[in-house]
Amino acid sequence: MNQKKTKIITLAALSLGLGSLAQAGFVTINSAPNPAAGEKNVVNNNEFKPDLAALGVLKYATGVSLGVDELGSVTYFYYGKEAGYDNVFKTSDLFYQTEFTPTLQNYFSKPIEIGSDDVGPGALDFRFCSLSGPSTLVGCVTNQQNDSLGWNASQSIAFSVSSSGNTAWLFWDDSGAGPDDNHDDMLIKAVFTPKAVPEPATLSLFGLGLLGIWAGSRRRAARKI
């Protein structure tokens with residue numbers, strides 16, 4: 001195989017591969033930068049630090065929102081809490097409530113699946129809320145509001161996104177003990193699954209790849225003739 005033909009087939013293979021690499025899934029959105037935001041190590045007084053470290057989760061970020069950059073679905077799992085408050089996680093279609101007791105809940109060995117939401121590109125639609133009594137709301141923070149919050153906020157959400165972009169951790173700080181920023185009052189894991197049908201950009205790359213392979217085949221056939 002000559003060098004030119006090798007180059008054509010190589011480019012075709014790259015085009016086919018780029019279709020799956022063009023988008024990553026979860027992304028953090030920082031449209032309202034503030035000096036209190038940033039990435040930090042999981043603090044020592046986070047009750048679940050050893051469990052998180054065993055899964056390779058060592059840092060989280062505040063002052064940002066969480067979004068996705070392509071069509072797909074997000075499945076949410078409840079992992080635990082360390083809080084006297086009744087904490088609530090809610091999306092447009094899903095709802096999970098920790099109740100007040102026990103104050104320490106650890107489900108790392110068997111996470112509770114909350115459910116799945118279909119999502120499109122942009123910021124996700126979810127919120128955390130806290131209640132100090134059966135009908136006493138302390139406050140709520142939406143994903144979009146969290147973009148302007150950071151350390152020492154009265155309530156805030158911290159995020160950790162995997163390098164692959166398909167997993168994100170959501171850490172709620174209800175500030176029941178003051179703004180302690182340990183973000184262990186409710187832990188949610190989110191898993192992103194891209195939509196099976198390729199988007200137009202992916203289809204274009206796929207088509208270019210097939211065209212390159214076809215061109216290489218034509219040249220090889222012509223030489224044989």
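Only the coordinates and a few stated rules stand behind these numbers; no lab work does. This is a predicted model, so every value here is computed, not measured. For neighbour counting, all protein chains shown are included, and Cβ atoms are generated from backbone atoms with ideal geometry for every residue, glycine included.
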Worksheet item: Of LYS40/LYS189; LYS59/LYS189; LYS49/LYS189; LYS110/LYS195, which sit over 23 Å apart, Cα to Cα?
Response: LYS110/LYS195
Discussion item. Quick check for me: using +1 on Lys/Arg Cβ and -1 on Asp/Glu Cβ, what's the dipole size of segment 24-194 about its Cα centre, in debye to the nearest 20?
Written reply: 200
Worksheet item: To the nearest 0.05, what FRET efficiency results for LYS40 and SER164 with a Förster distance of 22 Å applied to their C-beta separation?
Response: 0.50
Discussion item. What's the ranking of 163-175, 98-110 by average number of surrounding C-beta atoms within 10 Å, highest first?
Written reply: 163-175, 98-110
Worksheet item: Label-point separation (nm) for SER109 and ASP180, each offset 7 Å from Cα along Cα-to-Cβ?
Response: 2.4
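By how many nm would the segment from SER154 to SER92 lengthen if fully extended, with 0.36 nm per residue of separation less the alpha-carbon distance?
19.9 nm
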Response to the item:
Between ASP118 and LYS59, Cβ-based FRET efficiency (R0 41 Å, step 0.05) works out to 0.90
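To the nearest 0.05, how large is the calculated FRET efficiency for GLN145 and THR101 if R₀ is 25 Å and r is the Cβ-Cβ distance?
Once rounded, the FRET efficiency stands at 0.30.
Rounded if a/c is under 1.5, else prolate if a/b is larger than b/c, else oblate: which is segment 72-137, with a ≥ b ≥ c the root eigenvalues of its Cα gyration tensor?
oblate
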